[in-house]
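Questions regarding the structure given below will be posed in turn.
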Amino acid sequence: MKIQELFRIFAVKNAKTMKQRISFLLKTYGLTVALFLVAKLVFMYCNRADHPFTLGDVADVLRHGLTLDLSTGLYFLVVPLLLTIVSIWYVGRSLWVALRVWFTAVAAAFALAFAADTALYPHWEFKLDATCLQYLTNPAGAAASVRWGWLVAGLVGLLGLIGLLTWLHWLLVPDLRPLKGRRDKAIYGGLCIAATPLIFIGIRGGLDKSTTNIGQVYYSQTPFLNHSAVNPVFSFLSSFESTMRSDVQYHYFTDEECARLLEGLFPTETVRPDTLLRTQRPNIILVMLESAAGQFTKIGGRDDIMPHFNRMTDQGIYFSQCYANSFRTDRATVSIWAGHEAFPTMSLQKIPSKNRSLPGLARSLRQAGYDTHYYYGGDINFTKKKSYLINAGFERLTAKEDFTRQEQRTAQWGVCDSIVFHHIAQEVSQWDESSKKPHLIGYNTLSSHQPWDVPTHRMADPVENAFNYLDGCMERFIADLRQLPQWDNLLVIFVPDHGITYQGVDENTALKMHIPVLWMGGAIREPREVDIVCNQSDLAATLLGQLGLPHGEYLFSRDVLSQNYTQPFAYHTFNNGFSLLDSTRFVVYDLTADHALVGDAPDLIRRGKAILQATSKDLSTR
């Protein structure tokens, strides 16, 4: 039965006008859902190179994601519904303007969400969420990841998409005519009022205890297909609570059960360690290598990308079974310098109120008499890096603004690595060998990061070329230091921050989190390989153990050279998930889907959940 015929049964005089309003609401909702479906198709097509799929996969993605699309679409029907209710009693220019303003805002929001979700996924490997807002405080730092040509093209494309979506929405705005008669107004008003609770029930996802959530559309063991099914607008809106909070809690077990699962896993003292150094007070240079995971070294079977680093592993102490704690630099910075586990949806570096209470390797070494200095060639305020480094114990900071204007323009991120390495070598050359005050230098490289703009062009692939450039910088840096008398009492530590998704290596592969850690310098006793499974967060306790310094406050950092390190494993987090590895097994667990994506090891999954619970509880007390 047609709507207009239904109105005739009730002798409604304004049947055509009422039908116009109902048709407007249905078309608005239909357009919204249709745009969500088209956005999924575009998302999958644009990311097909790294994530192949079939037509059957497309159908499954659309089918499984539809419930979330239908629910999300109702959010954007509320305002049009309220305005149509207003139109029962008032039809004028201000109502016409209000509808167009609303639709323009919605079109802009959708365009931004669709474009950001599709463009960022190859780099982040997770759906759009509120994390991106944290980078808006420093747009220059965020823009450094992209070439200017891409920024301009992206802006033009975004404006074009906004214009298209605005035009489509404006086509829906009807030429509303006023309703006449109290009875007809009451009937239409009653229909709208009756529809309002139904809309909110639809937004909630029904009347069950479980409300609409991202996990309801997950159906595959392939993360990309699950991510494709997720509505990016809903993902963004629903992420605000967890992303912006600093007290995310994970609770899976009783406190007693959690303690039992972690018993003996994180010893906080060193017992009869294997001694690697010739002195307990060497000068130390700790270099965090941007994205330089094992996939670009001999660990990944590559001898051509970083050949100098591969050779240097035979000249120092090579930790061949070390793994990154997380997937981003800001997380890795805290894991390395504070010895703390990373969280799936929260960055401790960006929360000064919490990270200032964490232990800090630089602070511990300052208390032992060390002078501390940190170098970074980029914007040191990006992702609140400066505040964290100060909280961690660094007395002096040298960043982009401290270099010459010419040096600042050598790379899009800032000062290219070769220049900063040279400045560090110059500082080392000026250290007074007769002084009893030892030195600590921290440095975070940046050239091996998108947009991969480096001054050399030895390899055709821009990604591989960037790591090859970093390799050359490291080789020259070590060569320069060897010529100095300060080399004899020097310990240089190279530790990558994380890996990247590249040529089939992603979070479902242990290779992405596998990082080569190397100690070099005249302070080491002799070259050797340490093949114990461990994390980059264990560097703090291991180094302090070698220096004969206590590390009891580093609750989640383990001295892997101590006799009480008897249960080796590595733990890694990614966006709302974790992976865990021991000497024989590897498991990847998706917290949203609440099931394993890779591996069948229930005990490792329970251990991973226990670590999440213990670390979040620890953070809540700080």
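The values are calculated or read from the model by the stated rules, or taken from the named source; none is laboratory data. Model, not experiment: these values are computed from the prediction. Counting neighbours? That spans all protein chains shown, and the Cβs are built from the backbone with ideal geometry, glycine included.
Return only the number of the condition from (1) touching a Lys or Arg at 6+ places or on another chain (Cβ under 8 Å); (2) crowded, with 18+ Cβ neighbours inside 10 Å; (3) modelled with pLDDT under 80 that T243 does not satisfy.
Status for T243: all satisfied but (1).
Out of the stretch 270-298, which residues are polar (S, T, N, Q), within 29 Å of the chain's Cα centre (by Cα) and part of a loop (DSSP other than H, G, I, E, B)? Break it down into steps so the answer makes sense when it comes.
In the first step, residues of the stretch 270-298 are kept if they are polar (S, T, N, Q); the result is 270, 275, 279-280, 283, 291, 295, 297.
Among the residues that remain, those that are also within 29 Å of the chain's Cα centre (by Cα) are: 291, 295, 297.
Selection gives S291, T297.
Sticking with this one: Go through the stretch 21-66 and give me each residue that's surrounded by fewer than 17 Cβ atoms within 10 Å (Cβ to Cβ), over 25 Å from N508 (Cα atoms) and of a type in the set (S, T, Y).
Once the filter is applied, which keeps residues that are surrounded by fewer than 17 Cβ atoms within 10 Å (Cβ to Cβ), over 25 Å from N508 (Cα atoms) and of a type in the set (S, T, Y), the stretch 21-66 yields only S23.
When you go through (1) buried (at least 24 other Cβ atoms within 10 Å of the Cβ); (2) modelled with pLDDT of 95 or more one by one for F574, which number turns out not to apply?
For F574, the exception is condition (2).
Give just the number: which of (1) modelled with pLDDT of 95 or more; (2) outside any helix (DSSP H, G or I); (3) farther than 30 Å from V420 by Cβ does E257 not satisfy?
It is condition (2) that E257 fails.
For the stretch 598-622, how many residues are surrounded by 18 or more Cβ atoms within 10 Å (Cβ to Cβ), farther than 21 Å from H340 by Cβ and among the β-branched types (V, I, T)?
Summing the residues that are surrounded by 18 or more Cβ atoms within 10 Å (Cβ to Cβ), farther than 21 Å from H340 by Cβ and among the β-branched types (V, I, T) in the stretch 598-622 gives 1.
Which ones in the stretch 4-36 are at pLDDT below 85 and among the β-branched types (V, I, T)?
Selection gives I9, V12, T17, I22.
Of the residues that make up the stretch 158-179, is at least one closer than 27 Å to S235 by Cβ, among the hydroxyl-bearing types (S, T, Y), assigned to a helix (DSSP H, G or I) and modelled with pLDDT of 70 or more?
Yes, there is a match, as at least one residue in the stretch 158-179 is closer than 27 Å to S235 by Cβ, among the hydroxyl-bearing types (S, T, Y), assigned to a helix (DSSP H, G or I) and modelled with pLDDT of 70 or more.
On to the next question. Can you pull out every residue in the stretch 347-369 that is surrounded by fewer than 21 Cβ atoms within 10 Å (Cβ to Cβ) and in contact with a Leu (Cβ under 7 Å, 6 or more places away or on another chain)?
The answer is K354, A368.
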